[in-house]
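First up is the structure itself, then whatever we jot down about it.
The values are calculated or read from the model by the stated rules, or taken from the named source; none is laboratory data. Model, not experiment: these values are computed from the prediction. Neighbour counts are summed over all protein chains in view; Cβ atoms, including those assigned to glycine, are modelled from backbone coordinates with ideal geometry. Protein only, heavy atoms only, side chains kept; ligands, DNA and RNA dropped before computing areas. Shrake-Rupley method; radii C 1.70, N 1.55, O 1.52, S 1.80 Å.
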Amino acid sequence: MGSVRRAMRLLESVAEHEHGAPAKQLARETGLALPTAYHLLRTLVHEGYLRRDKGLFFLGEAAERLSSSGAEQKRRSTVVEALAHWRDLIGVPVYYAQYRNGEIEVLCVSESPGNPAVEEWADFRETGHAHAIGQCLLAQLDDEARRDHLDRYPVQSITPYTVRDGHSLLRRLERTARMEPVTERQEYALGTVCAAIPITLGNAAATMAISLPAHQADRLLAATQQLQAEIGRLMGTLAISISI
């Protein structure tokens, strides 16, 4: 454990020097004897956590991967915490999804025993035409990308309320204003109503969504408006974090 602690102190010291630092300086800053510092530095270089260039030590690829992974986890944690806060505040399950590489991807869902999420009884990727998340994402695509998606995943009726054909869906999507929430009532799952709010992420299509039991459909509009307001307040913080 002592060697691990000393190695970590060296890594932390190297991280503070953007332009690198020599072994003697690192030994002095960490309070290590120079032979001990040299031994640990060589080991860290060998393992890829440091690299040496012209007598100076820099963070290596292995350390940078750890840093990148940690930053990604922190961004994801920000999203998870935001969704959990909105779930409890509004009293609904909250979803976050993106359209990536031609696919609808639900990246995070926050639910509770009292407010369970919709069961994915039919693949979300293949039924984007039926649920609010998919419709919201498709509405943000250009016509070519939208038609490509529907060529791969044709419209099919999965409940009595599902849009009947691709032409009808395209007309609906074309009438959807750019930042207008999308709602659907029992089109994906009987007994459930949903709403999805488009999120601006540069050129990426993203959405936050909520669902409610059909007998609480009268809450859908107010809950959607509340979520919109909450997203607006946190958008600056989430702008980078939701790119998970």
| request: Please enumerate the residues belonging to the stretch 93-117 that are closer than 18 Å to residue 191 by Cβ and crowded, with 21+ Cβ neighbours inside 10 Å. | output: 93, 95
| request: For the stretch 125-140, name all the residues that are at pLDDT 95 or above and of a type in the set (S, T, N, Q). | output: 127, 135
| Candidate set: the stretch 159-179, residues that are part of a loop (DSSP other than H, G, I, E, B) and open to solvent by less than 40 Å² (accessible area, probe 1.4 Å); chosen: the one farthest from residue 140 (Cα to Cα) | 159
| request: Give the stretch 47-56 a look and list any residue that's within 15 Å of residue 4 (Cα to Cα) and open to solvent by 50 Å² or more (accessible area, probe 1.4 Å), or say none. | output: 47, 49
| task | Mind counting the residues in the stretch 1-32 that are of a type in the set (A, V, I, L, M, F, W, C), within 36 Å of the chain's Cα centre (by Cα) and under 12 Å from residue 50 (Cα atoms)? | result | 6
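Condition check ((1) among the polar types (S, T, N, Q); (2) at pLDDT 95 or above) across all residues:
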| position | (1), (2) |
| --- | --- |
| 142 | no, no |
| 157 | yes, no |
| 161 | no, yes |
| 167 | no, no |
| 174 | no, no |
| 184 | no, yes |
| 201 | no, no |
| 216 | yes, yes |
| query | Tally time: how many residues in the stretch 203-214 are in contact with a helix residue (DSSP H, G or I) (Cβ under 6 Å, 6 or more places away or on another chain), modelled with pLDDT of 95 or more and of a type in the set (Gly, Ala, Ser)? | reply | 1
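One residue is enough: does the stretch 210-226 have a residue meeting the conditions among the hydrophobic types (A, V, I, L, M, F, W, C), farther than 24 Å from residue 112 by Cα and within 19 Å of the chain's Cα centre (by Cα)? Steps first, please.
The first filter runs over the stretch 210-226 and keeps only residues among the hydrophobic types (A, V, I, L, M, F, W, C), leaving 210, 212, 214, 217, 220-223.
Subset that is farther than 24 Å from residue 112 by Cα: none.
No - not one qualifying residue is present in the stretch 210-226.
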| task | Using the structure shown, decide if residue 155 is touching a Gly at 6+ places or on another chain (Cβ under 8 Å) and either closer than 21 Å to residue 218 by Cα or of a type outside the set (Gly, Ala, Ser) (or both). | result | yes
| message | List pairs: first residue in the stretch 93-108 and more than 18 Å from residue 143 (Cα to Cα), second residue among the β-branched types (Val, Ile, Thr) and assigned to a strand (DSSP E or B) anywhere in the structure, Cβ distance under 7 angstrom, at least six positions apart or on different chains. | response | 93/109; 93/210; 94/210; 95/106; 95/109; 97/104; 97/106; 97/207
| Selection from the stretch 1-23 of residues that are surrounded by fewer than 16 Cβ atoms within 10 Å (Cβ to Cβ) and out of contact with any strand residue (DSSP E or B) (no Cβ under 7 Å at 6 or more places or on another chain) | 1, 2, 3, 4, 5, 8, 12, 16, 18, 19
| query | Just a yes or no: is a residue in the stretch 191-205 open to solvent by 50 Å² or more (accessible area, probe 1.4 Å), outside any loop (DSSP other than H, G, I, E, B) and under 20 Å from residue 109 (Cα atoms)? | reply | yes
| When residues of the stretch 131-154 are filtered for being out of contact with any Pro (no Cβ under 8 Å at 6 or more places or on another chain), part of a loop (DSSP other than H, G, I, E, B) and closer than 23 Å to residue 208 by Cα, how many remain? | 4
